[in-house]
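Q: First the structure, which I've put down as structure tokens, then a few questions once you've had a look.
Computed from the coordinates by the stated procedures, all read-outs in this text should not be read as laboratory data. These numbers were taken from a predicted model, which means no experiment stands behind them. Using ideal geometry, Cβ is built from the backbone for each residue, glycine included, and neighbour counts are taken over all protein chains shown.
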Amino acid sequence: MRLLIVGFISSVHVARYVELLAGTGWDVHLFASRRGELPHPELRAVTVYLWPPCGDPGESEVEVVVPPGQAGVGLRDRGRYLAQLIDEIRPDILHSHELQHGAALARMARDVADLNAPWLVTNWGSDILWYSRDPGRVPLIRAILSSCGYYGAECHRDVALARAFGLRGKVIGVWPVAGGIDIERVSGLRVSGPPSKRRAIAVKGGVSDIGQGGLAVRAIERCADLLDGWEVGGYQVHQVCDERLRALDEKGGIRYTKLSAEGARDSAHDEVLAMHGRARVSLALNRSDGLSTSFLEALAMGSFPVQSATSCGGELVAPGRGGLFVSPTDEDEITSALRRAILDDRLVDHAAEINSAVVAQHLDRRQIRLRVIDAYERIASDAAVHA
């Protein structure tokens with residue numbers, strides 16, 4: 001089978017998704033949905049189509065292709081090149097990861113290319129929930145959802161939203177965009193013993209229109225009286241959050257560990273997992289979210305999640321039992337939830353037991369791999385029947 005995937009080639013989520021296809025023998029092509037991106041270091045056994053200016057990809061274990069000649073860099077230029085690529089390689093399935101870039105580009109190319117292959121669109125965390133708030137984005141969302149033949153998402157909330165915004169195609173599956181958790185591998189990164197004995201907090205420190213790392217840090221600052229001798233590990237940390245956490249460290253009592261900066265391409269994923277694996281609490285807040293990979297990692301590593309209620313996490317664990325879900329803009333509610341997680345031993349230990357079963361049942365990467373492969377095979381079979 002030949003697949004053409006359009007998505008963020010620099011994304012670790014895309015890299016780990018593509019990894020699911022290893023061993024199938026399929027011919028996998030990955031087209032950059034944004035210009036200027038370089039392949040993620042974890043990408044393997046795939047042909048990657050870059051869009052300049054993108055810098056030097058350096059040593060890579062993927063075949064890299066750039067447009068010939070003096071190609072333009074605008075959206076329509078990229079759409080035309082994608083259409084040419086579609087005509088050239090004749091994929092059995094065209095798969096767009098994320099709506100605003102990947103699916104928008106694929107839709108443009110499909111209007112030009114001679115393509116009879118089925119089109120699968122995978123919804124990412126905030127594709128509909130967040131961007132549908134912008135009236136200027138709604139026509140694109142509707143156009144994509146009404147014309148794709150197949151659709152996948154991380155949670156049932158987004159399936160319902162997709163149907164409300166015009167989805168007519170088949171829902172092919174619901175699973176994490178990055179492909180779940182390698183349970184056997186990550187178990188070695190988790191400290192032994194009950195989580196209530198841990199003295200660390202993992203915090204997502206991104207700051208943007210969506211990321212609420214600033215309020216997460218503020219909650220930690222307000223709970224500092226409970227955190228003498230504790231470690232605070234920050235990942236995807238914005239400079240402002242980094243400075244505030246360093247200031248806490250300098251005051252004494254709290255030891256700050258910076259694991260990765262916001263937007264870092266080469267951050268060590270195992271270090272973040274290990275942070276969740278020694279954390280009592282994992283705190284992540286976004287004004288809009290999907291299932292949230294950091295939330296899933298906290299579940300797998302035994303850390304108690306305090307997560308924004310904008311995520312789909314409540315579809316996996318019961319609020320108040322497997323985690324606490326809070327408003328991402330209410331400082332008092334966030335602080336109260338964090339204090340409870342710091343103080344309530346029974347809560348965090350019982351949650352770890354519940355969440356371990358959830359991970360085994362719903363997030364096992366080996367099982368998700370089989371579901372992903374089966375989904376592609378069903379799409380191809382369906383397309384052959386209707387050819």
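Q: Let's see if you can work this out: charge +1 on each Lys and Arg Cβ, -1 on each Asp and Glu Cβ, no other charges. What is the dipole magnitude of the stretch 279-352 about its Cα centre, in debye to the nearest 20?
A: On the way: 6 positive and 10 negative charges, 29 e Å.
Value, rounded to 20: 140 debye.
Q: Which order do 251, 258, 204 fall in if you start with the one that has the fewest other Cβ atoms within 10 Å?
A: Values: 251 9, 258 16, 204 26.
In order of increasing Cβ crowding within 10 Å: 251, 258, 204.
Q: Tell me the label-point distance for the pair residue 357, residue 170, using the 7 Å Cα-to-Cβ offset, in nm and rounded to one decimal.
A: 3.4 nm
Q: Can you tell which of 102, 233, 252 shows the greatest fluctuation in a Gaussian network model of the chain with Cα springs below 10 Å?
A: Looking only at 102, 233, 252, the biggest GNM fluctuation is shown by 252.
Q: Let me ask another. Based on the mean of other beta carbon atoms within 10 Å per residue, what is the order of 205-217, 177-189, most packed first?
A: Working: 205-217: 21.5, 177-189: 17.8.
Ranked by mean Cβ neighbours within 10 Å, highest first: 205-217, 177-189.
Q: In addition: Quick check on the exposure proxy: order 238, 269, 97 from fewest to most C-beta atoms within 10 angstrom. Please report the intermediate quantities before stating the final value.
A: Details: 238 21, 269 16, 97 26.
The fewest-first ordering by Cβ neighbours comes to 269, 238, 97.
Q: Need the list of aspartates and glutamates near residue 170 for cross-linking: C-alpha distance under 16 angstrom, and skip anything on the same chain fewer than eight residues off.
A: 154, 158, 374, 377, 382
Q: While we're here: What is the chain's relative contact order, in percent, from Cα pairs under 8 angstrom and six or more apart in sequence? Write out the running numbers ahead of the final one.
A: On the way: 796 pairs, mean separation 52.6, N = 387.
So the answer I get is 14 percent.
Q: Name the residue farthest towards the positive end of the dipole of the chain from the options 322, 179, 66, assuming +1 on Cβ of Lys and Arg, -1 on Cβ of Asp and Glu, about the Cα centre.
A: Most positive-ward Cα: 322.
Q: Per-residue HN-Hα couplings for the stretch 233-245, Karplus 6.51 cos²θ - 1.76 cosθ + 1.60 at θ = phi - 60°, whole Hz, x for Gly and Pro?
A: Working through the residues one at a time gives x, x, 10, 6, 8, 5, 4, 4, 5, 4, 5, 5, 5 Hz.
Q: In addition: Roughly how many debye, to the nearest 20, is the charge dipole of the chain about its Cα centre, given +1 on each Lys and Arg Cβ, -1 on each Asp and Glu Cβ, and no other charges? Walk me through the numbers on the way to the answer.
A: On the way: 44 positive and 49 negative charges, 128 e Å.
Approximately 620 debye in magnitude.
Q: In the neighborhood of residue 204, defined by Cβ-to-Cβ distances under 11 Å, what is the net charge if each Lys or Arg adds +1 and each Asp or Glu adds -1? Write out the running numbers ahead of the final one.
A: Values: positive: none; negative: 262, 289, 297.
Charge balance near residue 204 sits at -3.
Q: In sequence order, what are the phi-derived ³J(HN,Hα) couplings for the stretch 157-170 according to the Karplus relation 6.51 cos²θ - 1.76 cosθ + 1.60 with θ = phi - 60°, rounded to whole Hz, with x for glycine and proline?
A: 4, 6, 4, 4, 5, 4, 5, 5, 9, x, 4, 10, x, 7
Q: Right, another one. State to the nearest 20 debye the size of the charge dipole of the stretch 183-362 about its Cα centre, where the only charges are +1 on K and R beta carbons and -1 on D and E beta carbons.
A: 360 debye
Q: Please give the contour-minus-distance gain from residue 114 to residue 271: 0.36 nm per residue of separation, less the Cα-Cα distance, rounded to one decimal in nm. Present the calculation step by step, with values, prior to reporting the outcome.
A: Details: separation 157, 0.36 × 157 = 56.52 nm, distance 4.56 nm.
Value of the extension gain: 52.0 nm.
Q: Still on this structure: Pick out which of 98, 333, 231 has the largest mean-square fluctuation in a Gaussian network model of the chain, springs linking Cα atoms closer than 10 Å.
A: In the Gaussian network model the winner is 333.
Q: So for each of 354-367, 83-96, 275-288 I average, over its residues, the number of other beta carbons within 10 Å; can you give me the resulting order with the highest mean first? Each step should come with its number before you reach the end.
A: Working: 354-367: 16.6, 83-96: 19.2, 275-288: 25.1.
Ranked by mean Cβ neighbours within 10 Å, highest first: 275-288, 83-96, 354-367.
Q: Here is a follow-up. Rounding to the nearest 10 and keeping the result within 0 to 90°, find how far the Cα-based axis of helix 75-89 lies from the longest principal axis of the chain.
A: The two axes meet at around 60 degrees.
Q: Quick one: which of 5-12, 299-306, 373-380, 38-45 comes out on top by average Cβ neighbours within 10 Å, and what's the full order, highest first?
A: Numbers: 5-12: 23.9, 299-306: 28.6, 373-380: 16.5, 38-45: 19.0.
The densest-packed peptide leads the list: 299-306, 5-12, 38-45, 373-380.
Q: By count of other Cβ within 10 Å, fewest leading, how are 81, 235 ordered? Numbers along the way, then the final one.
A: Working: 81 20, 235 27.
With the sparsest Cβ surroundings first, the list reads 81, 235.
Q: A further question on this structure: Quick one: net charge around residue 20, please, counting Lys, Arg +1 and Asp, Glu -1 for every other residue with C-beta under 14 Å from its C-beta. Provide the component values of the computation, followed by the final result.
A: On the way: positive: 16, 44, 365, 366, 369, 371; negative: 19, 42, 182, 364, 374, 377.
Neighbour charge sum, excluding residue 20 itself: 0.
Q: Also, quick follow-up: Taking amide H positions as placed in the peptide plane 1.01 Å from N, state which residues far from residue 326 in sequence (5 or more) or on other chains have amide H under 5 Å from it.
A: 307, 308, 309
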